[in-house]
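Below: one structure, written as structure tokens.
The values are calculated or read from the model by the stated rules, or taken from the named source; none is laboratory data. Not measured: the values here are computed from a predicted model. FYI the Cβ positions are ideal-geometry reconstructions off the backbone, even for glycines, and counts take in every protein chain you see. These area figures cover heavy atoms from the full protein model, side chains too; ligands, DNA and RNA do not enter into them. Shrake-Rupley method; radii C 1.70, N 1.55, O 1.52, S 1.80 Å.
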Amino acid sequence: MTELHINAKWMAAASGEPEVRATAAQIDIHIDRICLTRNQDIWAETVRDSAFLSAYPLAMWLASSWWRLNHEPLPAQQPGFGWRSAHELGAANHGFVWPRVIFVPDGEAIHVWAGTSMTPEQSVQYLQALEAPKLISLPGFQQSVHRFVQSVLARLDAKKLAGTNLAQLWAALQEDLADPEAVRLRKLEAELGFDPEECPEDLLNAAMQWRGQVGDQALSELAPAIASSGANPDLSILGQLVNADGIVGTPEVTPDSFQHLEHGAPWEQAVHDAQALRRAIGNVSNPMTSESLHTLLGLSTAAVSSWSASTARPPVAVAMPTHDHALKFVPRRRSPIGQRFELARFLGEYLRPSSDKSHWLASTDLKTSRQKYQRAFAAEFLCPIDSLTSSLNGDFSSDAIEEAAYQFEVSEQAVTSLLLNNGYIHRDWWGTLPYRTAA
């Protein structure tokens, strides 16, 4: 993975609050060798890699947003002001012009997005954009932020400005990080979309109670999906799922049915596992029938066909343990094709090695590492890329894609995504950021 570097070359400043003036600097931000602060200074008519800013507001934003930066995933729909304030670098504000950079965690890594910032009235025009997000490991991101904040605190100490709000905030953060229970609470608050100690007590208590039944891993998927969906924020939907009609089955395969890939990106592990499972059941390349999929999950095809979703479509689908290794599946997809893909996602999640097997399985629209694994597993298991390209025989027209989708019993979107992700067709990319932002 890549590395984040935030560097400050201290400069003199004549105005501003003492902390801001003391940490005036030429600041550069790099993702490996890509400079995200490369800019054109309109007044000075120069292009340089660093910008004249203050490190104090940047350090304050990184420290105050720490938990959400590390643990709050991107919502499935356009994010609101609160999410953007905790993930967009421009929220450091304080009257400075910052580059357009967005940090998005997925549970295992931080995705860094960057776009140009060319607003005419700005004195600084940021020139660097990333065509695709760069990934920084979670520990690597945390270490980079730690180094930068420590350098700012050292500068403040050298300027006889100890005891600042930043110093107090950073000390409180270090206390929380040293306490496992505090870490669990702060992480859960962030997953629910709140800053530290700002989550309503009843909501946090409810989430903590559900944690014992649902499990930490599943709750880390369910909490942000429900909280960002506009559904009831008190997580009562989890109780509705417990009482909902489901489809009960006892999977016939186990995580140790084949050798797993222990390294690589989530999609790489998923593709490996899907191919390994196909080899284990003796079907390497042929279309996977729904009956075969149901059998692997221990489900009756008749029961799946007769099951009907509730009137209100929940923001998540779950599978919860019942007894003797059985699972009650509560899907949310209504169409046979969509439900088939969802069950394949559950199969991948069930087979993925985990220490949390006694708890729920969760499928959502979020782009966390677990959900990426599920989607990649389901796509490769139902529609192997080698079989797909052999069937298409170089014809990637909409008609050919439609026929392939019918042959493999998946959606046209699934076929298109497989072709995109494997480089057979190319995306008409509308922008360099994960969602629309103001110009």
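Worth pointing out:
- Accessible-area value, Met1, 1.4 Å probe, nucleic acids and ligands omitted, Å²: 150
- Taking all protein chains together and a 1.4 Å probe, the residues Glu72, Glu175 rank Glu175, Glu72 from largest to smallest accessible area.
- Lys pairs, the chain - Cα-Cα below 27 angstrom, 8 or more residues apart or on other chains: 14
- Dipole-positive endmost among Leu219, Leu188, Gly163 within the stretch 143-219 (Cβ charges, Cα centre): Gly163
- Nearest 10 degrees, 0 to 90: helix 180-191 Cα axis against the chain principal axis: 80
- Tilt relative to the chain, helix 201-214 - C-alpha long axis, 0 to 90 degrees, to 10: 40
- Per-residue ellipticity at 222 nm from helix content only, as computed over the chain with -39500 (n - 2.57) for each DSSP H run of at least four residues, stands at -13500 deg cm²/dmol.
- In the context of the full set of protein chains, residues of the stretch 35-114 present 36 Å² of accessible surface per residue (probe radius 1.4 Å, heavy atoms only).
- Highest-first arrangement of 344-352, 105-113, 176-184, where packing means the average Cβ count within 10 Å: 344-352, 105-113, 176-184
- Between helix 336-351 and the chain: long-axis angle, C-alpha atoms, 0 to 90°, nearest 10: 70
- In this structure Thr437 has an accessible area near 40 Å², from a 1.4 Å probe over the protein heavy atoms.
- A simple packing score, the average count of other Cβ atoms within 10 Å per residue, orders the peptides 330-338, 402-410, 19-27 as 19-27, 402-410, 330-338, with the highest score first.
- Interatomic Cα distance distribution for the stretch 160-262, bins of 5 angstrom, percent: 2, 10, 16, 17, 14, 11, 12, 8, 5, 2, 1, 1, 0, 0
- Length gained on full extension, Ser390 to Gln209, computed as 0.36 nm times the residue gap minus the Cα-Cα distance: 60.1 nm.
- Relative contact order of the chain, defined on C-alpha pairs under 8 angstrom at six or more residues apart (%): 14
- Protection proxy ranking for 59-65, 93-99, using the average of other Cβ atoms within 10 Å per residue and placing the highest first: 59-65, 93-99.
- The stretch 174-221: C-alpha gyration tensor shape, a/c 1.5 cut-off, then a/b vs b/c: oblate
- Across q = 0.06, 0.10, 0.11, 0.12 Å⁻¹, the chain modelled as identical point scatterers on its alpha-carbon atoms has Debye log10 I(q)/I(0) values of -0.30, -0.79, -0.93, -1.06, in the order of the q list.
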